[in-house]
Structures are given as structure tokens and as C-alpha cells.
1. Using the Cα gyration tensor of segment 18-61, with a ≥ b ≥ c the square roots of its eigenvalues, what is the shape: rounded (a/c below 1.5), prolate (a/b larger than b/c) or oblate (neither)?
2. Can you classify segment 19-186 as rounded, prolate or oblate using the Cα gyration tensor, where a ≥ b ≥ c are the square roots of its eigenvalues, rounded means a/c under 1.5, and otherwise it's prolate if a/b beats b/c and oblate if not?
3. Based on the alpha-carbon gyration tensor of segment 28-120 and its eigenvalue square roots a ≥ b ≥ c, which shape applies: rounded if a/c is under 1.5, prolate if not and a/b is larger than b/c, or oblate?
4. Using each residue's phi in segment 102-108, evaluate 6.51 cos²θ - 1.76 cosθ + 1.60 at θ = phi - 60° and report the 3J(HN,Hα) Karplus result to the nearest Hz, with x for Gly and Pro.
5. Taking amide hydrogens as modeled 1.01 Å from N in the peptide plane, which residues meet the under 5 Å criterion relative to TYR178, leaving out close sequence neighbours?
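Only the coordinates and a few stated rules stand behind these numbers; no lab work does. Everything numeric here is computed off the predicted structure, so don't read it as measured data.
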Amino acid sequence: MKKFAILAVASAMAATAPAQIWDEILDGGGDAGELPGSAQLVMGAGSLTTITGGFFGALDADMYMINIDGPAGFSATTVGGSAADTQMWLFDLAGMGVTFNDDSAATLQSTITDIFVPAPGMYFLAVSQFDMDAYSLAGLELWMDGPFGTERAPDGPGAGSPIDHWFSMGAFGGPDSYSITLTGASYVPEPGTFVAIGIGLAGLALARRRK
Ligand SMILES: [Ca+2]
Ligand SMILES: [Ca+2]
Ligand SMILES: [Ca+2]
């Protein structure tokens with residue numbers, strides 16, 4: 001019965017799925033923050049196929065909380081979606097690095113996949129321009145800069161720490177736009193759904209305890 005209620009909520013949400021594109025300004029209301037505490041929550045229902053946004057300058061980094069359905073089948077790319085020398089980053093909810101790519105498909109644009117994604121769930125997807133990089137509190141890079149054309153798990157001296165800030169050795173880019181094409185991703189469920197699912201799970205836990 002409780003399981004049925006959860007399914008009913010999920011079905012109702014699927015029926016009212018909004019557009020599959022999230023825009024930083026139109027949907028997010030302005031520049032996306034660059035850290036977990038200020039990231040845009042890409043909230044809604046259904047699969048998420050595109051995130052569009054802009055770099056207001058060379059030092060703009062944008063972070064989005066998304067839901068990864070997979071992990072098999074997840075990908076996010078700016079190839080064909082930006083003229084900037086992009087970098088793409090994925091962090092878990094604790095801000096720990098998951099995967100990163102600078103250049104892919106013989107372009108300066110970036111592609112990350114499911115190869116280092118351990119489980120489905122919510123993650124922080126970030127995009128920046130070279131050489132705006134993720135640093136730990138101690139001022140250590142979570143990832144090495146290169147090899148540029150390889151998707152990598154954190155391999156920098158700060159790999160064991162969460163992201164604390166961004167830093168660039170210079171201002172190499174400028175104002176630009178990006179379009180991130182996603183597969184295997186969906187919107188973060190609305191708070192109401194969290195509550196409904198939470199109540200459902202609490203009910204199940206309670207039922208289990210009563211046995
Ligand atoms: Ca931005
Ligand atoms: Ca930003
Ligand atoms: Ca790049």
C-alpha cells in the first residue's frame with residue numbers, strides 16, 4: 001500500500017514533466033554558484049537532456065545539482081555546445097571529486113561519462129573554462145591539469161579532500177556560452193516529493209521494526 005503511494009507520486013510527477021532543458025538564467029534565476037552551498041538545484045521531474053548557461057568571464061565556474069539515473073549510461077558533454085575551452089567536473093554530495101575532463105573528441109570541449117560514477121543519485125556537475133580549477137581548503141588541486149584529453153578520477157595532491165574554492169593561474173577565456181548535453185540524468189525531485197518519499201520510507205522502516 002505504501003509502495004503503491006510512492007509509485008502514484010512518481011507517476012503524477014512524470015505526467016507533469018516540464019521542459020527537459022534547464023537554463024542557468026531562465027530557470028535558475030541568475031549566475032549559478034560555484035560550490036555545493038551555492039549550486040543551482042536543477043529541480044523538476046523527468047529526464048534532463050540539456051543545461052544551457054554562460055560564463056560571465058574567464059573566472060566564472062557554474063555548479064548544478066543533478067540526479068544521475070545510472071550510473072550506466074550517464075554522460076555530459078560540451079562538445080558541439082560551446083566555443084570556450086571548457087572543463088567539466090563531477091562532485092559527490094560531500095564535494096569530493098568523482099570525475100573530470102578538459103578536452104575530448106579532438107576538441108577543447110569536455111566530456112565526462114559513467115566510468116567513475118559509483119552509484120545513482122544526486123551529484124554536483126560543474127563547468128568552467130581552462131584554467132579555472134577545483135582546489136581543496138589547503139590550496140591543493142583536486143585534479144592535475146593534464147593529460148588534457150583524458151577523463152580522470154581525482155589525481156591531484158588535493159584528491160583526498162572536498163572542493164573548497166576555485167583558482168586559475170590566469171584569465172584565459174572570456175564571456176562565453178555553453179550548452180551541456182546529458183544522457184542518463186534527470187531533474188532533482190521537488191521538495192514535496194522528498195517529503196512524500198521520506199514519509200513512505202519512514203513508514204516502511206516503522207513497519208519493518210514492528211515485525
Ligand atoms: Ca555562469
Ligand atoms: Ca558562476
Ligand atoms: Ca577544455
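1. Values: a/c = 2.38, a/b = 1.68, b/c = 1.42.
Note, shape of segment 18-61 comes out prolate.
2. Since a/c stays below 1.5, the shape of segment 19-186 is classed as rounded.
3. Working: a/c = 1.44, a/b = 1.07, b/c = 1.35.
Verdict is rounded for segment 28-120.
4. 9, 10, 8, 6, 6, 10, 8
5. GLY53, GLY54, PHE55
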